[in-house]
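In what follows, a single structure is set out as C-alpha cells and then discussed.
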Amino acid sequence: MSYNVAVVGATGAVGSEMLQILYETGFPVDEVHAVASGRSVGREVAFGDEVRLTVQDLDGFDFEDIHIALFSAGGEISAKYAPRAAAAGCVVIDNSSHFRMEPDVPLVVPEVNPEALEGFRARNIIANPNCSTIQMVMALKPLHDLARVRRVVVATYQSVSGAGQRAMDELFDQTKGIYMNEKPQPEVFPKQIAFNVIPQIDRFLEDGATREEWKMRVETRKILDEGIEVVASCVRVPVFVGHAEAVHVEFEEPITVEQAREALAEFDGVLLVDRPEAGEYVTPVECVGEYAVFVSRLREDPTVPHGLAMWVVADNLRKGAALNAVQIAQTLVEEGYL
Ligand code: A2P
C-alpha cells in the first residue's frame, strides 16, 4: 500500500527537510503535495533529485484524500488547520508546540515511546516534540532503563535554523554586515545573533524561565517519566544547523560510565562517538545531514551520588524535527495503524 502525503510548510526550513526525508527513506508515497501560504503558490520545491512539486495554497487545500499530513508552518497555522485536516480523516503529524501537552494527543519519539501512539485516533493528531527535547530523551532513554533518571540539568547551544528560514537569513546577513561595518538590526531574534549568544529562546514565563526551557521539562516528563525533574538553560548560538546540549544527569540507582557506554552504543538511533583524547567528539557542523543523535564526552559527575555528564548533538532539522515526524509516519505504517 502507498499513501497520499501532504507537507504543510513545504517552503520552510523543516518542511523542505520533510520532503527530502520522505524521499531519502523511500517512504511509500503515492501522491506528495507541497502546501504553504498563498504567497508561495506556484513556486516549485524539490522532492528528491528529479521531481519538482508545485506549491499549493493551504487555504482551500482539500485533505479529504490525504492519508498523512506533516505540519510545520507554526503553532497558529496548526491550531487553525490541523483539526480541519484531522476531521477530514487525515492523520496529522504536527511539528508545532500547539498540541504537544494535550492529554489526548500522543507526543512521540519512535525509539523512546512508540506505545504512546496507541491513542492517536482520539484526535487524529500526533505531536512531534521540541527539537531540544527529542535529542535529549534519545540519550536519556537507555540510561533511564538502566538506573532511573531522577534529575537533569541541561544547557543548550541551539542553532538558528530552529527558528526557521528567516532566522537563518538574519544570521547570514548580520555576519556579512558586520564585516562591512554595518550596525546589526535584530528582527527575528531579540538581540544581535552574529558573533553573540542569546539566553532567550521563545518568551519569558512568570517564573523567569523561557517557554523553550519549560518545554524541555514538561515534554521530557510526558515522553519518558513524569517523575523526572529537568532544569534547562536554553541558549541560541550563531550556528546554522545542529543543536548541542551539555546534559548532567542524576540517577536513582548506581550506574557506571562503562554501563552507560554499552547501553548508549546499543540503542537504536544513538551513536556514541567518544574518544576525546583522539579528537573524537561531535560538534554541530559534523552532524548536519545525519540521522543519528551523537553522544560524546560521557563521564562521571562526582558531585552527586549517581551522576553522569555528557555532550549530545543532533541535526535539529532532521532528528529534531523532520526525520522524527517521518519516523512517526513509518511507525504508523509498520504497526498497521494506517
Ligand atoms: P510561505 O513560504 O508561503 O510563507 P520557516 O519555519 O522556515 O519559517 O517556514 C514556515 C513555513 O510555514 C513556510 O513554508 C511558510 O510558507 C509556511 N506558512 C507560514 N504562514 C503560513 C500560512 N498562513 N499558511 C500556510 N503556510 C504558512
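Summary of computed values
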item	result
Helix-only mean residue ellipticity at 222 nm for the chain, each DSSP H run of n ≥ 4 adding -39500 (n - 2.57), per residue, nearest 500	-9000 deg cm²/dmol
Selection from ALA246, ALA263, TYR291, by position along the positive dipole direction of the range 203-324 (Cβ)	TYR291
Whether the range 116-228 is rounded, prolate or oblate, judged on the alpha carbon gyration tensor where a/c under 1.5 counts as rounded	prolate
Only Lys, Arg (+1) and Asp, Glu (-1) charged, at Cβ; the range 132-316 dipole about Cα centre in debye	500
Per residue convex hull volume, Cα atoms of the chain, in Å³	154
Interchain or long-range residues, amide H under 5 Å from VAL235's placed H	THR156, TYR157, GLN158
Modelled label reach - ARG211, point 7 Å along Cα→Cβ, the range 123-147 residues with backbone N closer than 17 Å	128-133
Total charge dipole magnitude, the chain, about the Cα centre, Cβ charges on Lys, Arg, Asp, Glu only, Debye to nearest 20	920
Accessible area in the full protein assembly, largest first, 1.4 Å probe, for TYR81, TYR23	TYR23, TYR81
Local electrostatic count, GLN185, Cβ distance below 15 Å [Lys/Arg +1, Asp/Glu -1]	-1
Leading residue at positive end of dipole, the chain (Cβ point charges), from VAL45, LEU332, ALA73	ALA73
Farthest toward positive dipole pole in the chain [+1 Lys/Arg, -1 Asp/Glu at C-beta], among GLY60, VAL237, GLY9	VAL237
Net charge of neighbours whose Cβ lies under 14 Å from the Cβ of ALA209, counting Lys and Arg as +1 and Asp and Glu as -1	-3
Histogram of C-alpha separations across the range 287-338, 10 Å bin width, %	24, 29, 25, 18, 4
Surface accessible to a 1.4 Å probe, GLU300 within the full protein complex, Å²	120
Percent of alpha-carbon pairs separated by more than 16 Å within the range 83-123	35
Contact order relative to length of the range 132-316, as percent, for alpha carbon pairs under 8 angstrom and 6 or more apart	29
Cα pair count fraction exceeding 19 Å, expressed as % - the range 1-100	34
Relative contact order of the chain, defined on C-alpha pairs under 8 angstrom at six or more residues apart (%)	17
Over 27 Å (Cα to Cα) - which of LYS176/LYS215; LYS183/LYS215; LYS80/LYS191; LYS191/LYS215; LYS80/LYS183 fall in this group	LYS176/LYS215; LYS183/LYS215; LYS80/LYS191; LYS80/LYS183
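The values are calculated or read from the model by the stated rules, or taken from the named source; none is laboratory data. What you are looking at is a predicted structure, and each value in this text was computed from that prediction instead of being measured. Neighbour counts are summed over all protein chains in view; Cβ atoms, including those assigned to glycine, are modelled from backbone coordinates with ideal geometry. Keep in mind that these areas ignore ligands, DNA and RNA; they rest on the heavy atoms of the full protein, side chains included. Shrake-Rupley method; radii C 1.70, N 1.55, O 1.52, S 1.80 Å.
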